[in-house]
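Below is one structure, written out as structure tokens; the observations come after it.
The values are calculated or read from the model by the stated rules, or taken from the named source; none is laboratory data. Note that the coordinates shown come from a computational prediction; the quantities given were computed from them, not determined experimentally. Here the Cβ positions follow ideal geometry from the backbone for every residue, glycine too, while neighbour counts run over all protein chains shown. Only protein heavy atoms, including side chains, enter the accessible area calculation; ligands, DNA and RNA are left aside. Shrake-Rupley method; radii C 1.70, N 1.55, O 1.52, S 1.80 Å.
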Amino acid sequence: ENSDKSSAESDSETEVEQVSVYHKLLATLKTSPESESEEEEDESESEEAAGESESEVDSEGSQEPGEADEEDKNDVPDQEEVTGTAEQTLGQEQADGADTSCDPSHGVIEEFTDVKHESEFSLETNFMEEESGDCSADKRDSNSSPAVSEDPFKQHMDKELEEKEVEKMSTLPKTSSQSKWPRLGQLTFSSTLEKHKTLKADKEVDVKQLYLHKPLGSTWPKVNKQFLSSANKPSDTSFTPLQRELFCIMNTYRDLFYPERNALTNGEEIRHAYCLHALNHVLKANAQVLSNNAKRRDQKLGTDNDDYRDQGLTRPKVLMIVPFRECALRIVHIFISLLEVNDKRKIDVSNKKRFKGEFGSDPEEKPPNLKRPEDYEAVFAGNIDDHFRIGVAILQKSMRLYAPFYSSDIIIASPLGMRTIIGAEGEKKRDFDFLSSIEILIIDQADIYLMQNWEHVLHLMKHINLLPLDSHGVDFSRVRMLNLNNWSKYYRQTLLFSALQDPQINSVFNKHCCNYVGQVAVRNVPLSGSISHVVVQLPHVFRRLEAENLTSVIDTRFQFFIDKVLPEYRDAIMSHTLIYVPSYFDYVRLRNYFKKEKLNFIHICEYTKKAGVCRARRFFLKGEKQFLLFTERFHFYKRYTIKGIRNLIFYELPTYSHFYSEICNMMKATDNGADATWTCTVLYSKYDAQKLAAVVGIDRTAQMLQSKKNVHLFVTGED
């Protein structure tokens, strides 16, 4: 694939001595290389199928659409089945307007790469423009004045770690401290190096004191004006309270985990804040390289100077992981807005038209009768193709889209897009050298990757900041010692944003973030829980299961369900029972057991074809099928209202807490007035503390975890 190969013409000449030294260095270090009307949806299968206008690619292509068990043939919970098909299709179910050249369902066609502008955007052959004003600013920065040491970028990148400090970070546990900030709430600061003190929140922020590179200081207030209100203090007219505290942490180059991102409320605020930080970092890094180019040009020939170590082993500095093409589109638009000082001084953006065509969407393609919750509309807005990657190069007053990765400053990609280029061990065509010198990693909307494929994120984290297997034309006299020492991961800043706290997300932040400055995590606890949003009156029975350890909880839950819970629902009077299953693997296990026991059931998962979904919903509504197995990922991507529910079983607490109230409130769609017979049963263990707190609140969670008895709650809409 062209975009993943280095086409840097200016880097093609590499001295033999340098390459041999580099390979000697490698030898001494260990490296590893929907759309239906809700009123008509249950009238008939044919009408509903005709009403559907959402495109859904099904992984079980060997079945006919009319078969009742269309996903049965490939029901083995094999990881490759889930990763190889579902994640390429589910994320783009509604992206009818997506460019098929990058659509996995149409086969991957060779990607477009901009090779015409290579020399214009080469860091090695360009110099700082005198008229831009950046040159004089950089000269001021090069002086040993007190202001230099206060620039967070220079403080972070110029810090030289000692071997004993690196050994300490890799062996000793982190020490943590707590702090409460006005907007972010409860923060946990952790670091292995004890000399780093807890950060205090800035009550007011002056843009001039943030060390923003030109022209960001003047463009940021204009770009961010849409989020500001009259409530902002006159002295703080550039940031919202949330942005001010987030950027305060980002600008110190600490790792950050913020698990309260909401696509409806603060999502765009956060996106603008991290785009400002990423662009500020790139502009400073490139300005330093261009300035040193001029100094090296002016110095006498034959003089060696070790003061110009200003870059990594490869050029990409920032990696931004986002779930959909629409997110990448918005990020690039923010970059352009931040670089354009005014309407008269437009920046030159190469391949802009092509980018809009491939990453944009046609508003008219959205079905007019599609009715879904507001949060669904916010998450799945625009082009939701989840297989993409694009390189962005920024040099002074120009931006280059579709730059080859080894000539890019910023890489914007989805987890699937990164997975397909990184490849797996043993594959001939794979590449991850471009990840060797990433200095800022931004993972936005991490919760969505739990619904796509979390393995892609873990695979990425294993291949970032490794020593490259090839030199890629680098000038080793310009490479920082931290990169040559293979200490890049200790300097990398990771910004992780999510809509929820989850053990898998927490694990990535705790295990793969080794920033020497330390980590900051927002750890607020939910007070009420989503159960307070249940509007139907029904009893909630929380049944606790005892598991010896985390690895045994899956088998313990299954055994508890078939021994204790399912027998109570086998009777015919307990019809219309929906079983909500978050994990696809648990779903397959339950489905196979139900078939073996010859129970009267139907099932819907993310692979079920439209005709099968229509049939299952109709059978369940009419009572022809007693049980309905229902996966969480199907609900995440479709949000259909299932009518006819009288008994509800949560096999496990939902990943998204608001799904609990959404599923419970589906009961009000039942028109038979049998409220008195409605039931809701939830299975949980002590390892579900975070999910439980998000549903019932922290106070009830503490009581339920201390008590080993089943808990009965009767919740009304006013509770």
Output needed: percent of Cα pairs per 10 Å distance bin for the range 474-565, bins running from 0 to the one holding the longest distance.
11, 22, 26, 20, 11, 7, 3, 0
Could you sort out which of Lys159/Lys214; Lys116/Lys344; Lys159/Lys180; Lys598/Lys625; Lys317/Lys462; Lys116/Lys353 sit more than 19 Å apart by Cα distance in this structure?
Lys159/Lys214; Lys116/Lys344; Lys159/Lys180
Accessible area in square angstrom per residue, the range 530-716, 1.4 angstrom probe
38
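With N set to the residue count of the range 277-356, report its C-alpha Rg divided by 2.2 N^0.38 Å to two decimal places. Walk me through the intermediate numbers first.
Numbers: Rg = 17.0 Å, N = 80, 2.2 N^0.38 = 11.6 Å.
Rounded to two decimals, the normalised Rg is 1.46.
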Mind listing the long-range amide H neighbours of Thr494? Cut-off is under 5 Å, sequence gap 5 or more, other chains count too, H placed in the peptide plane at 1.01 Å from N.
Asp255, Leu256, Leu441
Taking the dipole about the Cα centre of the range 530-716, with the C-beta of Lys and Arg at +1 and of Asp and Glu at -1, give me whichever of Ser575, Thr608, Val682 is farthest to the positive side.
Thr608
Rg ratio (alpha-carbon, reference 2.2 N^0.38 Å) - the range 365-479
1.30
Between Thr171 and Asn510, how many nm apart are label points set 7 Å from Cα along the C-beta direction?
2.3
State which entries of Lys225/Lys489; Lys371/Lys609; Lys295/Lys352 exceed 25 angstrom in Cα-Cα distance in the structure shown.
Lys225/Lys489; Lys295/Lys352
Percentage of interatomic Cα-Cα distances in the range 581-688 larger than 24 Å:
20
About the Cα centre, and with charges only on the beta carbon of Lys, Arg (+1) and Asp, Glu (-1), how big is the dipole of the range 530-716? Nearest 20 debye, please.
640
Which GluC sites (Glu not before Pro) in the range 583-650 pass both tests, a DSSP loop state and at most 12 other beta-carbon atoms within 10 Å?
Glu597, Glu624
Taking only the alpha carbons of the range 387-441, what extent do you get along each of the three principal axes, in Å, biggest first?
42, 23, 20
Mind listing the long-range amide H neighbours of Ile602? Cut-off is under 5 Å, sequence gap 5 or more, other chains count too, H placed in the peptide plane at 1.01 Å from N.
Phe627, Leu628, Leu629
Quick one: with all protein chains in place, what share of the accessible area of the range 530-716 is carbon or sulfur, to the nearest percent (1.4 Å probe)?
52
Starting from the Cα coordinates of the range 530-716, work out the convex hull volume and express it per residue in Å³.
113
I want to verify the translational diffusion coefficient of the range 549-589 in µm²/s; compute it with Stokes-Einstein, Rh as the Kirkwood radius over Cα pairs, at 20 °C and 1.002 mPa s.
185
